[in-house]
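Student: The structure follows.
The values are calculated or read from the model by the stated rules, or taken from the named source; none is laboratory data. These numbers were taken from a predicted model, which means no experiment stands behind them. Neighbour counts are summed over all protein chains in view; Cβ atoms, including those assigned to glycine, are modelled from backbone coordinates with ideal geometry.
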Amino acid sequence: MSVDAQIDYIEFPANDLNQTKEFYQSVFGWKFTDYGEDYCSFEDGRLSGGFFQSDLCSQSQSGAVLVVIYADNLEATQQRVLEAGGSLTKETFSFPGGRRFHFRDRCGNELAVWSDRCTNPKDFKGDHQP
């Protein structure tokens, strides 16, 4: 059920919808529904969104919004990103309350993953390195 004044849906460009679906399903377990050849929607278990066919991509360095995903295990998620063909744009860094890394999917969209959990407490340095 939609809630007034809350973000309800987010859309990303993608130059290859099949690669996009494969990437996000293998890394995050997202579920997809196709709507023709140029659009697919996803559900991540909490928020819904979609990918539309485009030669553009979403990157924070060009002023795009940065979408940040939560993960219980940051290291395992980073490994899945790399194994699925993604690349890191920022290595894992600490900030007050957690750690995160930034990545690009196979279509070039940049997202980030954060966690407030770690296997080694010394990983939480409390410094912010944007």
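Student: Please go through region 91-108 and pick out each residue that is over 22 Å from residue 10 (Cα atoms), assigned to a strand (DSSP E or B) and of a type outside the set (Lys, Arg).
Tutor: 91, 92, 93, 94, 95, 98
Student: So which residues in region 66-90 are farther than 15 Å from residue 104 by Cβ and either at pLDDT below 95 or of a type outside the set (A, V, I, L, M) (or both)?
Tutor: 70, 72, 73, 75, 79
Student: Can you say whether residue 27 is in contact with a strand residue (DSSP E or B) (Cβ under 6 Å, 6 or more places away or on another chain) and either modelled with pLDDT of 95 or more or among the small types (Gly, Ala, Ser) (or both), as far as the supplied structure shows?
Tutor: no
Student: Among all residue pairs at least 6 apart or on different chains, which show Cβ distances below 8 Å where the first residue, located in region 3-24, is within 17 Å of residue 49 (Cβ to Cβ) and polar (S, T, N, Q) and the second is exposed (fewer than 13 other Cβ atoms within 10 Å of the Cβ) and at pLDDT below 95?
Tutor: Close Cβ pairs (under 8 Å, with a partner that is exposed (fewer than 13 other Cβ atoms within 10 Å of the Cβ) and at pLDDT below 95) do not exist here.
Student: What are the residues in region 101-117 that are surrounded by fewer than 19 Cβ atoms within 10 Å (Cβ to Cβ) and of a type in the set (D, E, K, R), if any?
Tutor: 104, 106, 116, 117 - these are the residues of region 101-117 that are surrounded by fewer than 19 Cβ atoms within 10 Å (Cβ to Cβ) and of a type in the set (D, E, K, R).
Student: Take residue 46 and decide whether it is under 12 Å from the mean Cα position of the chain (by Cα) and either within 18 Å of residue 9 (Cβ to Cβ) or not hydrophobic (A, V, I, L, M, F, W, C) (or both).
Tutor: Considered against the rule, which asks whether it is under 12 Å from the mean Cα position of the chain (by Cα) and either within 18 Å of residue 9 (Cβ to Cβ) or not hydrophobic (A, V, I, L, M, F, W, C) (or both), residue 46 comes out as no.
Student: What strands (runs of 3 or more DSSP E), lying completely within region 1-90, carry at least 2 residues that are surrounded by 15 or more Cβ atoms within 10 Å (Cβ to Cβ)?
Tutor: 9-14, 39-43, 48-53, 67-70
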